[in-house]
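Down below is the structure, laid out as structure tokens.
Where a number appears in this text, it was derived from the coordinates with a stated rule and is not lab data. This is a predicted model, so every value here is computed, not measured. Here the Cβ positions follow ideal geometry from the backbone for every residue, glycine too, while neighbour counts run over all protein chains shown.
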Amino acid sequence: MNPQVRLLLFVTCIIPFAAFMMWGVFCMPRFGSSQHPYGDIASKITISNLSINNAVTAVTFDIRGFDTLGEEFILFTAVVGILLLLRLQKEEHENASLPPSRQNGRWFHANYSILYIGKRLLILIVLYGFYIALHTTVSPGGGFQGGVILSSAFLIYMFLYDFHAFERIPIWLFDLLEGAGMAGYLICGSLGWFTGRGFMHNVIPPTAKGTLLSGGLIPVINFSVLVAVFAGFIVLLIEFALQGLLSSRSKGAQ
């Protein structure tokens, strides 16, 4: 396909797309307006149908749960792309000429106070990550935010104590966990088909309002997202860390 044909195809597609986007923008309620039909519907569904307190969670995992599934696949595709780009090449090997500060298993020479504070911060970060992830039905948060926080705890441990820790962890385990999280989301969404309803239909009756298990399928979907995001970010951290230990043989020869 020559450049002229590509340009013509691009212009043919972008003009109706731009017109559709502008139509959607101009049809939105004015800024500061009290008329928000979508927000009113979401608030009603959140309280009466799902019995949860967090309207954002209701929108993310129920009202537009299919869109959230697409976002999860974006993360999954990004992780797969990183794995393909950073896979071990024939001309690469482990870098034996590491700086002294990294040869003893640490990225820098940490004093006792940093290690003391860092160790206790790790515990708080893990607890906070689970709190954010599991309280999504009653307060702001969710599996995505909690998964990122939990994976950051592993990164801090690697910086403070042992950057070789990732080498002792089987990366296939986190690949499996990420796939299991995505599969859990798909299974929860497909349950509606077996009851004669649509995809992402909430088939579990909501419990009492204001509890961690309110919202029917929402806590299960949220946990699947937590597993997928946590495992995906751990895979990324491991791959980037491994890449830092690799050097080309041509550079080593120089």
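What order do you get for Ser113, Ser190 when you list them from fewest to most C-beta neighbours inside 10 Å?
Working: Ser113 8, Ser190 12.
Fewest to most other Cβ atoms nearby, the residues stand as Ser113, Ser190.
Could you run the Karplus curve 6.51 cos²θ - 1.76 cosθ + 1.60 with θ = phi - 60° over the stretch 213-226 and give me ³J(HN,Hα) per residue in whole Hz, x for Gly and Pro?
9, 5, x, x, 7, 4, x, 5, 5, 4, 5, 4, 5, 4
Arranged by the count of other C-beta atoms within 10 angstrom, fewest first, what order do Leu237, Leu8 take? It would help to have the intermediate numbers written out before the result.
Details: Leu237 17, Leu8 11.
So the ranking, lowest neighbour count to highest, is Leu8, Leu237.
In what sequence do Lys44, Lys209 fall when counting other Cβ within 10 Å, fewest first? Walk me through the intermediate numbers first.
Numbers: Lys44 11, Lys209 16.
Taking fewest neighbouring Cβ atoms as first place, the list is Lys44, Lys209.
Could you tell me how far the Cα centroid of the stretch 143-210 sits from the Cα centroid of the stretch 22-58, in Å?
What the calculation gives is 27 Å, centre to centre.
Quick one: 3J(HN,Hα) in Hz for the stretch 231-237, Karplus 6.51/-1.76/1.60 with θ = phi - 60°, rounded, Gly and Pro as x.
Couplings: 5, x, 5, 5, 4, 4, 4 Hz.
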